[in-house]
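One structure below.
The numbers here are math on the coordinates, done by the rules we state, and not lab data. Everything numeric in this text was worked out from a predicted model, so none of it was measured. Ideal geometry is used to build each Cβ from the backbone, glycine not excepted, and the neighbour counts take in all protein chains shown.
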Amino acid sequence: MSDNLILVGFSCSGKTTLGRNVARRLRLTFIDTDRYVEDMTGRTIPEIFREDGEVAFRALEREAIDQIMSQRDQVVSTGGGAFVDPANRQRLRDGNLVIHLQVRPETVVDRLRNSRSGRPRPLLDSPDPLERVMQLMADRKEAYSAAHVTIGVDDRTRYELVGELRRRWLAWQRARLARATAAPAHR
């Protein structure tokens, strides 16, 4: 299956908030891969990392993405590192529109510090969170560049961003339909 809007990007780029909002506007199902993994395992992401390590978490994340991609008409918010895995990247790109929500490192640190979610943030467990964020962003830059579209989120309202995501999705759908109807019938 395919035909999903996939949001990738760094932690605190707005994938979940914007994804939930655009899904509502487009009347699509919203899925957050991190919540999906937590529902699958009955454990939180920090518990999985602490008890089993990152390699085990990434395997669970791959399994979750495979299950999620068997459906269509979804807006999918991925974990910050999910798109780095080549198998995930291919699976998410195949027949879907992948949009990278690009955020400045300073914005990430500010949002992490001011987060009211109460969720543990491993990125802040560093003597210099800004340096850590900048390093991780540099490490992930090539993977994120494989998204079909990149949208900067800094200094833009949620309303503006949801509108742009909606426009990009509808344009992508129209282009797919035009290609499908223009293709000669195979006999």
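Treating each Cα of the chain as an identical point scatterer and summing with the Debye formula, the log10 of I(q)/I(0) at q = 0.08, 0.16 Å⁻¹ comes to -0.26, -1.03. Here the spin labels are modelled as points 7 Å beyond Cα on the Cα-Cβ line, and at ARG174 and HIS148 they lie 1.5 nm apart.
So what is the relative contact order of the stretch 5-182, in percent, for Cα pairs below 8 Å that sit 6 or more residues apart? Reported relative contact order: 32 percent.
Distance between the modelled labels on ASP3 and ASP66, one decimal in nanometres: 2.4 nm (7 Å Cα→Cβ projection). Here's how it looks for GLY79: its modeled amide H is under 5 Å from those of THR33, ASP34, which are all 5 or more places away or on a different chain. Model label points for THR181 and GLN135, set 7 angstrom from Cα along the Cα-to-Cβ axis, are 5.3 nm apart. Taking every Cα-Cα distance in the stretch 6-78 and sorting them into 5 Å bins starting at zero, the pair-distance distribution P(r) comes out as 3, 17, 25, 24, 19, 8, 3, 1 percent.
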